[in-house]
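The values are calculated or read from the model by the stated rules, or taken from the named source; none is laboratory data. None of the values given here were measured: they were computed from a predicted structure. Glycine also receives a Cβ, built like all others from the backbone with ideal geometry; neighbour counts cover every protein chain displayed.
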Amino acid sequence: MNFADRVIKLNDYLLEQAASSMSDGGSQKSDGKPQPSALRHQPSRIPVSLKSVANLSNQLLRAGTSVGANNAEATSAISRADYKSKSYIALKEARESLYWIELLHRNKYIDDRQYESLHEDSEELVKIFVSRCKKLDEG
């Protein structure tokens with residue numbers, strides 16, 4: 001749950017940062033005066049960088065929260081096979097989270113400190129699920 005909480009907060013932070021870097025959204029001229037109504041109601045174009053960070057952070061949000069959801073389902077499994085299946089899905093989602101964290105960092109949406117902290121947490125989850133899945137394969 002803690003990892004999912006961090007991923008949710010990161011998603012909110014990244015979207016807030018990207019949105020604040022955008023202009024006022026087109027409702028005012030650069031001199032601060034309102035634009036005529038016809039111009040104000042035209043659809044605004046969303047900058048590519050905002051789309052990119054929104055897409056990447058959404059993918060991390062989905063994978064990062066799925067880790068905990070699948071772990072919760074594993075603990076309520078109706079059979080050993082169900083437990084094993086959900087555990088493997090949680091492992092896959094933890095590994096996917098690593099991928100999205102890496103992309104966010106490589107594209108400078110998160111800094112080194114954020115990257116190292118999130119990457120470390122995600123790696124720890126991967127280790128936990130690898131260990132669990134190995135035990136399930138042995139038994």
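Descriptive notes on the structure:
- Within segment 85-106, the set of residues being of a type in the set (S, T, N, Q) and either touching a helix residue (DSSP H, G or I) at 6+ places or on another chain (Cβ under 7 Å) or farther than 22 Å from Ser131 by Cα (or both) comprises Ser87, Ser97.
- Residue match in segment 60-79 (condition: in a helix (DSSP H, G or I) and over 17 Å from Phe3 (Cβ atoms)): no
- One residue stands out in segment 77-116 among those that are of a type in the set (Asp, Glu) and out of contact with any Gly (no Cβ under 8 Å at 6 or more places or on another chain): the one that is nearest to Ser52 (Cα to Cα), namely Glu102.
- Number of the exception - Thr65 against (1) closer than 24 Å to Asn11 by Cα; (2) surrounded by fewer than 17 Cβ atoms within 10 Å (Cβ to Cβ): (2)
- The residues in segment 89-138 that are outside any helix (DSSP H, G or I) and surrounded by 18 or more Cβ atoms within 10 Å (Cβ to Cβ) can be counted, and the count is 2.
- Scan segment 69-88 for residues that are buried (at least 19 other Cβ atoms within 10 Å of the Cβ) and not polar (S, T, N, Q) and the total you get is 2.
- Answer from Met1, Met22 - the residue that is modelled with pLDDT under 90, closer than 29 Å to Ile128 by Cβ and surrounded by fewer than 15 Cβ atoms within 10 Å (Cβ to Cβ): Met1
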